[in-house]
Amino acid sequence: MATVVRTYEPGYWDKFYLPAIARGLLLTLVRMFRRKDTIPYPDIKYVPADGYRGLHRLNKDEDGRIKCVACEMCQTACPAHCIDIVPEPAPWDDGGEERHPAKFEIDLLKCIFCGFCELACPKDAIELTEIYDYASFSRDDLIIDREGLLKVYDITSMGNIYERQNRGESIQIDTGNL
Amino acid sequence: MPLIKIDGQELEVEAGSRLLDVALEAGIEVPHYCYHPALSVVGSCRLCMVEVEGMPKLQTACSTPIGEAPPDRKVDGKYDMVVHTDTDKVVAGQKLVLEFLLLNHPLDCPVCDQAGECGLQDYSFKFGNAHSRFDEDKRVRAAEELGSGVAINQNRCIMCTRCVRFTQEITGTNELYVHGRGYDTKIAIFDGLPLDNPLSGNVADICPVGALLLKDYMHTTRVWHLSHTESACVECSSGCSITVDATDNVVRRIVSRRNDQANGHFICDFGRYSFHKYERSEFKEPMRKTPGSGWEMIPWRQAYQLIADKVAAGGGPGAVKALASPTLPNEPNYILGQFMGRLSDRKNIALLPVTQLSDMEFPGGFRISGDKGGNSRGARDVIPALAASVKALHKTDTGVIIILDGDGRAEMKGDLTRLMAAAQFSVVVACMPSEVTQNADLVLPIAAPYAREGTFTNDQGLVQWLQPALHPPDDVRADWQVVAELGQQLTGEDHLYSYAGDVTWKITQTTVGYGQITRFRLGKLGQFTASAAG
Ligand code: SF4
Ligand code: SF4
Ligand code: SF4
Ligand code: SF4
Ligand code: FES
């Protein structure tokens, strides 16, 4: 079947170009008096919507113990194979679970932020946070370890980190060797 | 023979056989916990219920024998028994039993080492309810240590008593018993009598849930990450079949694998934990002893050249002696026997002496062989011209001596010490340091046991294939390859083997009693040599 291709043929008035310019300038003029859509990042941080899937964190329970029991469900569910967990028996006397991760690493460069790890976790121990700006100068720094993930919990558990930054709190995000 | 029908499938079976066995063999899944083929039947878990026509109540398949019905009572005029495993009544019964078993069960699968191979998970998923109607608080009890190798998580136990029957019937040691009644029932040990018999690890294998746990394996990995390699244990001459479970090229645990030709369902704890021995310090490269009694790494080519030089300087090929290894497979021993025979007319090869204890036998029929060589019988089979003892090699001067030390199980004493002292140069083929390698002049590294491939012959003449579960380090070669290259160096003839199976084939062509053996027929359970079978 033949396809009809319509080409744009400028008319007589179009060839003056002035009406188009005027329309453009009008739009600019209107925009000048409306609320701005852009933000002066990084002076002001963009606040993502709820449910945004950014940097991971490992949650702590009420007593500050790591919630993760190293069941490796997230590792098994992860389609990017970027989680690496080595379990170990937890200390007997801390009253918590009997098992926890000795090593818990996520390769953020491999992660596709699908959130499957969060869905798979039977302990609500891993969560994706709102954090998106964790650039680094080395690949190694973008492999976040257990302590790093717990630190992310510390900085994100008191409310949306970007809202707080915009209010003037200084919160450092650092995935590297913390 | 009784004719029965299970779920529409007609089966002719031996009178007296167990309904559960028959169904399982016919590929019909009947869930069961307390029944274990190696143990007596107690019929306590009530999960294996089936409906038998003519019987008013559900029957436990594990405790129902099949017999001949009198002619006038046969169902449909010909069946002695008609069984259904999937009627509404059975399904409802299974659901109820599983709900009861889970009443006090913690469902802590995320921290449970059994998760992934758990009878409770599997059956709950297939036959159980998604929800429990139990509203009370679950009974919570502390975990306990039962012995040096086994711990129990009391909350997860479903009281199938497999473990108790194991210590009663298989080991005869009776460490475990059922303590208390009703709600307070639990598996316990007597004061001061821990579960420490040489077969204790098996209770964790037979426990259908995650109640009995191997402390050694606890919290190391999850079962679905493991690769399972079906192999044989090489720690003694009983040669039990095992499954080697590994991740990341590290053995995580060894579990038993049923082989009725060698010790049935179980393995002993020496075999179960033996892999830790080889973890410590495997050799990575050929090593030469230097005057300052230190060791120097040298490349393979240089190592072989060194041996050739030493042979030339030490009385020629005629003065070379060798010790074959009862801890290595048949393949390297065979090649050693072949090329040593080519070097001299005299008997120049003997078997390396290893620890000999007396056999340990258990009431259940399990036998731990006292011969810690593992493959002593195989080595004798494949080397026809073996000298009677190490002492016999002393009669003539020794130039270079080649010792296959294998896993370092030889004891450095008596004739062996004297022979090594008398030799001008000693070459030891081994996977890790031992007393023998300390006294060597040159060490050639080979792969550790779980990275090895080849055949092993146990003391009953059962030949099994060793399946490698690990990759050896880069510069380490297979045992048969090292010995074949040594032979090539000494005889000047090229060896024609390209993998272990080549050597196996050669063995079966030339060794008395091994003629009918092939890699294919060995399968997973092995094959007896003709002399053992006859
Ligand atoms: S978000 Fe997806 S890719 Fe990233 S760690 Fe979780 S499961 Fe893996
Ligand atoms: S984060 Fe959750 S799913 Fe991952 S290992 Fe820990 S408890 Fe298991
Ligand atoms: S015994 Fe089975 S069902 Fe119970 S916690 Fe362990 S894996 Fe889960
Ligand atoms: S510990 Fe395991 S084998 Fe022993 S009774 Fe309990 S569930 Fe059965
Ligand atoms: S297996 Fe038959 S009652 Fe337990």
Query raised in the report: Within region A:46-55, is even one residue in contact with a helix residue (DSSP H, G or I) (Cβ under 7 Å, 6 or more places away or on another chain), small (Gly, Ala, Ser) and touching a residue at least 12 places away in the same chain (Cβ under 8 Å)?
Result: no
Query raised in the report: In this structure, is A:Ala70 small (Gly, Ala, Ser) and within 14 Å of ligand 1 (Cβ to nearest atom)?
Result: no
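Residue-by-condition table, conditions (1) part of a loop (DSSP other than H, G, I, E, B); (2) surrounded by fewer than 23 Cβ atoms within 10 Å (Cβ to Cβ); (3) outside the structural domain of B:Ser325 (by TED's automatic domain parsing); (4) more than 16 Å from ligand 3 (Cβ to nearest atom):
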| site | (1), (2), (3), (4) |
| --- | --- |
| B:Asn155 | no, yes, yes, no |
| B:Met159 | yes, yes, yes, no |
| B:Cys163 | no, no, yes, no |
| B:Thr173 | yes, yes, yes, yes |
| B:Ala188 | no, yes, yes, yes |
| B:Ala204 | no, no, yes, no |
| B:Asp216 | yes, yes, yes, yes |
| B:Glu235 | yes, no, yes, yes |
Report summary line: Only unsatisfied item for B:Gly147, checking (1) within 16 Å of ligand 5 (Cβ to nearest atom); (2) under 27 Å from the mean Cα position of the chain (by Cα), is (1)
Query raised in the report: Under 8 Å by Cβ, and 6 or more places apart or on different chains, what pairs join a residue from region A:83-103 that is within 11 Å of chain B (Cβ to nearest Cβ) and closer than 22 Å to B:Leu226 by Cβ with one that is of a type in the set (Gly, Ala, Ser) and part of a strand (DSSP E or B)?
Result: A:Val86/A:Ala102; A:Pro87/A:Ala102; A:Glu88/A:Ala102
Query raised in the report: Which one of these does A:Tyr162 not meet: (1) more than 16 Å from the chain's Cα centre (by Cα); (2) touching a residue at least 60 places away in the same chain (Cβ under 8 Å); (3) crowded, with 18+ Cβ neighbours inside 10 Å?
Result: (1)
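Are any of the residues in region B:493-506 over 24 Å from B:Phe528 (Cα atoms), among the charged types (D, E, K, R) and surrounded by fewer than 21 Cβ atoms within 10 Å (Cβ to Cβ)?
Yes; the residues of region B:493-506 include at least one that is over 24 Å from B:Phe528 (Cα atoms), among the charged types (D, E, K, R) and surrounded by fewer than 21 Cβ atoms within 10 Å (Cβ to Cβ).
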Report task. Given the conditions (1) touching a residue at least 12 places away in the same chain (Cβ under 8 Å); (2) in a loop (DSSP other than H, G, I, E, B); (3) within 16 Å of ligand 3 (Cβ to nearest atom), report the number of the one that B:Leu107 does not fulfil. Result -> (1)
Query raised in the report: Is there any pair linking a residue in region A:109-130 that is β-branched (Val, Ile, Thr) to one that is surrounded by 14 or more Cβ atoms within 10 Å (Cβ to Cβ) and in a helix (DSSP H, G or I), with Cβ under 7 Å and at least six apart or on different chains, and which?
Result: A:Ile126/A:Cys74; A:Ile126/A:Cys117; A:Ile126/A:Glu118; A:Thr129/A:Val152; A:Thr129/A:Thr156
Report summary line: When region A:88-117 is checked residue by residue, the ones that are outside any loop (DSSP other than H, G, I, E, B), more than 7 Å from ligand 1 (Cβ to nearest atom) and either on the phi > 0 side of the Ramachandran plot or not basic (Lys, Arg) (or both) are A:Glu88, A:Pro89, A:Trp92, A:Asp93, A:Asp94, A:His100, A:Pro101, A:Ala102, A:Phe104, A:Glu105, A:Asp107
**Report entry** Which numbered condition A:Tyr41 fails, given (1) touching a residue at least 24 places away in the same chain (Cβ under 8 Å); (2) within 22 Å of A:Thr156 (Cα to Cα); (3) in a loop (DSSP other than H, G, I, E, B); (4) out of contact with any Phe, Trp or Tyr (no Cβ under 8 Å at 6 or more places or on another chain)
**Finding:** (1)
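Consider region B:397-413. How many of its residues are surrounded by fewer than 24 Cβ atoms within 10 Å (Cβ to Cβ) and either free of Cβ contacts under 8 Å to residues at least 60 places away in the same chain or in contact with a Ser or Thr (Cβ under 6 Å, 6 or more places away or on another chain) (or both)? Working first, answer last.
Applying the first criterion (surrounded by fewer than 24 Cβ atoms within 10 Å (Cβ to Cβ)) to region B:397-413 yields B:397-399, B:408-409, B:411-413.
Subset that is either free of Cβ contacts under 8 Å to residues at least 60 places away in the same chain or in contact with a Ser or Thr (Cβ under 6 Å, 6 or more places away or on another chain) (or both): B:408-409, B:411-413.
Of the residues in region B:397-413, 5 are surrounded by fewer than 24 Cβ atoms within 10 Å (Cβ to Cβ) and either free of Cβ contacts under 8 Å to residues at least 60 places away in the same chain or in contact with a Ser or Thr (Cβ under 6 Å, 6 or more places away or on another chain) (or both).
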Query raised in the report: When residues of region B:293-318 are filtered for being in a helix (DSSP H, G or I) and not aliphatic (A, V, I, L, M), how many remain?
Result: 9
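Within region B:291-308, is there a residue that is aromatic (Phe, Trp, Tyr) and out of contact with any helix residue (DSSP H, G or I) (no Cβ under 6 Å at 6 or more places or on another chain)?
Checked region B:291-308: at least one residue is aromatic (Phe, Trp, Tyr) and out of contact with any helix residue (DSSP H, G or I) (no Cβ under 6 Å at 6 or more places or on another chain).
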Query raised in the report: Within region B:247-258, is even one residue within 14 Å of chain A (Cβ to nearest Cβ), touching a residue at least 24 places away in the same chain (Cβ under 8 Å), part of a strand (DSSP E or B) and over 15 Å from the mean Cα position of the chain (by Cα)?
Result: yes
Query raised in the report: Looking at region A:59-82, which of the residues that are β-branched (Val, Ile, Thr) and either assigned to a loop (DSSP other than H, G, I, E, B) or within 12 Å of chain B (Cβ to nearest Cβ) (or both) is farthest from ligand 2 (Cβ to nearest atom)?
Result: A:Thr76
**Report entry** Residue that is within 14 Å of another protein chain (Cβ to nearest Cβ), touching a residue at least 12 places away in the same chain (Cβ under 8 Å) and either not hydrophobic (A, V, I, L, M, F, W, C) or not in a helix (DSSP H, G or I) (or both), where the choices are B:Asp21, B:Asp113, B:Asp86
**Finding:** B:Asp113
Requested in this report: Test A:Ala125 against the criterion of being surrounded by fewer than 16 Cβ atoms within 10 Å (Cβ to Cβ), modelled with pLDDT of 90 or more and within 13 Å of chain B (Cβ to nearest Cβ), and give yes or no.
Outcome: no
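For region B:128-143, what are the residues that are among the basic types (Lys, Arg), away from chain A (no Cβ under 14 Å) and surrounded by 10 or more Cβ atoms within 10 Å (Cβ to Cβ)? Explain how you work it out, then say what you get.
Of all residues in region B:128-143, those among the basic types (Lys, Arg) come to B:133, B:138-139, B:141.
Those left that are additionally away from chain A (no Cβ under 14 Å): B:133, B:138-139.
Within region B:128-143, B:Lys138, B:Arg139 qualify.
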Requested in this report: State all residues of region B:420-436 that are within 31 Å of the chain's Cα centre (by Cα) and surrounded by fewer than 24 Cβ atoms within 10 Å (Cβ to Cβ); if no residue qualifies, say none.
Outcome: B:Met432, B:Pro433, B:Ser434, B:Glu435
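Quick one: which of B:Gly373, B:Gly337 is in the same structural domain as B:Gln460 (by TED's automatic domain parsing), surrounded by 19 or more Cβ atoms within 10 Å (Cβ to Cβ) and part of a loop (DSSP other than H, G, I, E, B)?
B:Gly373
The values are calculated or read from the model by the stated rules, or taken from the named source; none is laboratory data. Treat the numbers as computed from the prediction; the structure is a model and nothing was measured. Glycine also receives a Cβ, built like all others from the backbone with ideal geometry; neighbour counts cover every protein chain displayed.
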